[in-house]
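Trainee: Structure below; questions to follow.
The values are calculated or read from the model by the stated rules, or taken from the named source; none is laboratory data. From a predicted model like this one, the values you see are computed outputs, not experimental measurements. Positions of Cβ are backbone-derived with ideal geometry, glycine not excepted, and every protein chain shown enters the neighbour counts.
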Amino acid sequence: MTDTYDCAVVGGGLVGGAIAWGLARQGAKVALLDEGDIAFRAARGNFGLVWVQGKGADMPAYAQWTLRSSELWPELSGAMAEASGADVALRQTGGIVFCLSDAELQRRADLVERMHNESGNIGTRMLDRAELRAMVPRIGDAVVGGAYCPRDGHANPLVTLRALQQALLALGGAYLPNRSVDRIDAAPHDFTLHCGGETIRAGKVVIAAGLGSARLAPMVGLDMPVKPLRGQIMVTERMSPFLDYATHTVRQTAEGSVMLGDSHEDVGLDISTSANVMQEIASRNIKAFPHLADATVVRVWAALRVMTPDGHPIYEQSQRFPGAFSATCHSGVTLAGAHALALAPAILAGSLPAFFDSFSPRRFHAQAN
Amino acid sequence: MLKRIDPAQATLRLMFEGQPLAACPGDTVAAALLAGEVGAFRTTPVSGAPRAAYCMMGVCFECLVEIDGVPNRQACLTEAVDGMQIRRQIGARGAA
């Protein structure tokens, strides 16, 4: 037996979940295929930033897209509360990059100025130590200054993921777990997905399968050259609130836990943790917040970012098999607002506006001269 | 509730919220608190709800108490020691 849908979204993470809900919200009959616990679920291991500053240096379209997503996040958050009763704990309080040396501070100032020139002024400004201290009194002596962007924020990524799935179900969409897609038979606007003995047919297919996208994309005439980049995270016991702002290395959740991270390791499909990286993460964050030195760590984990060659997202419609779309990025939380409320309607309309041209993977094949 | 098989073996003296509490050598702090029927071990950081030991194997973090001035200790993973000063963990530990 074959179930037929308007749209099949392959990938049950934050990217696929946001797009699937966004499609269903516009009235489409949607199937969301989730591989299962054998997958390298980036959406189960991420940090939870809705982060704008510094995104899209060298690619103004990405900077604009990120900014747009941060602007759409409150609407997404409200829709999730309405559809599922879930509080995704969105706090767009602004975000800070702490700099621990004058060299770091100068590099960050250069980046802020460059992005201001390339992509417009989004309010990011450099702060000296005294200004930072007035905002975050607990910073350590090693913090010489930082960059503050009022657009940044954070949210609970696990609640967001669950809320997207519940909201999809509430709209009559199908969430199909343990569906590993073996093969896709493609024709323009007609796709048959084979999952074990089961087949699912849809007029549109969206490949949002994280690291699995590299294998699936060519089946529908798409190109998604993604690779893993490991990040390790540690989480402390719950502490009294001391940090309301988002930062790229440390954030305090609504419940008081402190998440520490921002490591980058090219180690293939390996989700083990390592003492030396945890030590680096702890060491840097203790410099930023000395009182974390005696905080008890209650959990650690590693997860794999889904990275394109330049780190920017890929969105494209297949030329060979129209109706097939690609969507991948390493910022599933940040971009959830845009994926649900801007990308999904374009996919349903059947064509991506010219704005998305910059996100085509053709950029990886351009001649150098 | 919980009764000791042989109360005479409870030779250790702990202090819980300033009151003496007996424990057997080898007891965890959580076992001693349960046997002493102290009620709630802690209140939660989010809603302030009262909680006590649940899993007794280090997983659920419901049994958090302050031991000898150190906050958020897992009572079920800490062996009772004569003279230990134990207090309820009220909400989140301070950021101090």
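Trainee: Could you count how many residues in the stretch A:134-143 are farther than 18 Å from A:A246 by Cβ and either surrounded by 11 or more Cβ atoms within 10 Å (Cβ to Cβ) or in contact with a Leu (Cβ under 8 Å, 6 or more places away or on another chain) (or both)?
Mentor: So the answer is 2.
Trainee: Moving on. Across the stretch A:30-51, what is the total count of residues that are under 22 Å from A:L216 (Cα atoms) and either in contact (Cβ under 8 Å) with a residue 12 or more places away in the chain or touching a strand residue (DSSP E or B) at 6+ places or on another chain (Cβ under 8 Å) (or both)?
Mentor: Taking the stretch A:30-51 first, the residues under 22 Å from A:L216 (Cα atoms) are A:30-44.
Pick out the ones that are also either in contact (Cβ under 8 Å) with a residue 12 or more places away in the chain or touching a strand residue (DSSP E or B) at 6+ places or on another chain (Cβ under 8 Å) (or both) and you get A:30-36, A:38-44.
Summing the residues that are under 22 Å from A:L216 (Cα atoms) and either in contact (Cβ under 8 Å) with a residue 12 or more places away in the chain or touching a strand residue (DSSP E or B) at 6+ places or on another chain (Cβ under 8 Å) (or both) in the stretch A:30-51 gives 14.
Trainee: If you scan the stretch B:31-47, which residues turn out to be among the polar types (S, T, N, Q) and more than 14 Å from chain A (Cβ to nearest Cβ)? Before the answer, list the steps.
Mentor: Just the residues of the stretch B:31-47 that are among the polar types (S, T, N, Q), to begin with: B:43-44, B:47.
Those that are among the polar types (S, T, N, Q) and more than 14 Å from chain A (Cβ to nearest Cβ): none in the stretch B:31-47.
Trainee: Output the qualifying pairs, or none if there are none: Cβ atoms under 7 angstrom, residues six or more apart or on different chains, first residue in the stretch A:101-112 and under 18 Å from A:K287 (Cβ atoms) and at pLDDT 95 or above, second residue of a type in the set (G, A, S) and surrounded by 15 or more Cβ atoms within 10 Å (Cβ to Cβ).
Mentor: Note: pairs meeting the criteria are A:L105/A:G145; A:R108/A:A147.
Trainee: Only residues that are touching a residue at least 60 places away in the same chain (Cβ under 8 Å), surrounded by fewer than 18 Cβ atoms within 10 Å (Cβ to Cβ), away from chain B (no Cβ under 14 Å) and charged (D, E, K, R): list them for the stretch A:206-250, please.
Mentor: Once the filter is applied, which keeps residues that are touching a residue at least 60 places away in the same chain (Cβ under 8 Å), surrounded by fewer than 18 Cβ atoms within 10 Å (Cβ to Cβ), away from chain B (no Cβ under 14 Å) and charged (D, E, K, R), the stretch A:206-250 yields A:D223, A:K227.
Trainee: Is there a residue in the stretch A:182-203 that is crowded, with 19+ Cβ neighbours inside 10 Å, within 24 Å of the chain's Cα centre (by Cα) and at pLDDT 95 or above?
Mentor: The answer is no; no qualifying residue exists.
Trainee: Among residues belonging to the stretch B:78-96 that are surrounded by 14 or more Cβ atoms within 10 Å (Cβ to Cβ) and within 13 Å of chain A (Cβ to nearest Cβ), point out the one that is farthest from the chain's Cα centre (by Cα).
Mentor: The residue in question is B:A95.
Trainee: β-branched (V, I, T), assigned to a loop (DSSP other than H, G, I, E, B), within 14 Å of another protein chain (Cβ to nearest Cβ) and under 30 Å from A:V258 (Cα atoms): does that describe B:V59? Show your work before the answer.
Mentor: Details: β-branched (V, I, T): yes; assigned to a loop (DSSP other than H, G, I, E, B): yes; within 14 Å of another protein chain (Cβ to nearest Cβ): yes; under 30 Å from A:V258 (Cα atoms): yes.
Yes; evaluated as a whole, the condition is true for this residue.
Trainee: So A:Q64 ticks every box in (1) in a loop (DSSP other than H, G, I, E, B); (2) among the polar types (S, T, N, Q); (3) buried (at least 16 other Cβ atoms within 10 Å of the Cβ) but one. Which box is left unticked?
Mentor: (1)
Trainee: Let me ask you something else. Check A:G221, A:G203, A:G197 and return the single one that is touching a Cys at 6+ places or on another chain (Cβ under 8 Å) and not aliphatic (A, V, I, L, M).
Mentor: Values: A:G221 fails: touching a Cys at 6+ places or on another chain (Cβ under 8 Å); A:G197 fails: touching a Cys at 6+ places or on another chain (Cβ under 8 Å).
Going through A:G221, A:G203, A:G197 in turn, the sole match is A:G203.
Trainee: Considering only the stretch A:165-176, I want to know if a residue exists there that is within 21 Å of A:P241 (Cα to Cα), under 24 Å from the mean Cα position of the chain (by Cα) and in a strand (DSSP E or B).
Mentor: Taking the stretch A:165-176 and keeping what is within 21 Å of A:P241 (Cα to Cα), we get none.
Checked the stretch A:165-176: no residue is within 21 Å of A:P241 (Cα to Cα), under 24 Å from the mean Cα position of the chain (by Cα) and in a strand (DSSP E or B).
Trainee: Is it the case, given these coordinates, that B:V38 is touching a residue at least 12 places away in the same chain (Cβ under 8 Å) and part of a strand (DSSP E or B)? Break it down stepwise before answering.
Mentor: Details: touching a residue at least 12 places away in the same chain (Cβ under 8 Å): yes; part of a strand (DSSP E or B): no.
Answer is no for this residue.
Trainee: Report yes if A:G337 is within 20 Å of A:G54 (Cα to Cα), part of a helix (DSSP H, G or I) and of a type outside the set (D, E), otherwise no.
Mentor: Numbers: within 20 Å of A:G54 (Cα to Cα): yes; part of a helix (DSSP H, G or I): yes; of a type outside the set (D, E): yes.
So A:G337 passes the test.
Trainee: List the pairs whose first member sits in the stretch A:338-358 and is under 12 Å from A:V15 (Cα atoms), whose second member is of a type in the set (F, W, Y), and whose Cβ atoms are under 7 Å apart, counting only residues at least 6 apart or on separate chains?
Mentor: Pairs found: A:A338/A:W65; A:A340/A:W21; A:L343/A:Y315.
Trainee: Show the residue pairs that are 6+ apart or on different chains and have beta-carbon atoms under 8 Å apart, the first residue being within the stretch A:290-308 and more than 14 Å from chain B (Cβ to nearest Cβ), the second being exposed (fewer than 14 other Cβ atoms within 10 Å of the Cβ) and among the polar types (S, T, N, Q).
Mentor: Close Cβ pairs satisfying both conditions: A:A302/A:S272.
Trainee: Right, A:F325: assigned to a loop (DSSP other than H, G, I, E, B) and either among the aromatic types (F, W, Y) or surrounded by fewer than 19 Cβ atoms within 10 Å (Cβ to Cβ) (or both) or not?
Mentor: No: the conditions fail for A:F325.
Trainee: For A:S272, indicate whether it is part of a helix (DSSP H, G or I) and either farther than 22 Å from A:R305 by Cα or under 23 Å from the mean Cα position of the chain (by Cα) (or both). Working first, answer last.
Mentor: Working: part of a helix (DSSP H, G or I): no; either farther than 22 Å from A:R305 by Cα or under 23 Å from the mean Cα position of the chain (by Cα) (or both): yes.
For A:S272, the condition - part of a helix (DSSP H, G or I) and either farther than 22 Å from A:R305 by Cα or under 23 Å from the mean Cα position of the chain (by Cα) (or both) - is not met.
Trainee: Of the conditions (1) more than 23 Å from the chain's Cα centre (by Cα); (2) more than 14 Å from every other protein chain (Cβ to nearest Cβ), A:E316 satisfies every one except a single condition; which number is it?
Mentor: Every condition holds for A:E316 apart from (1).
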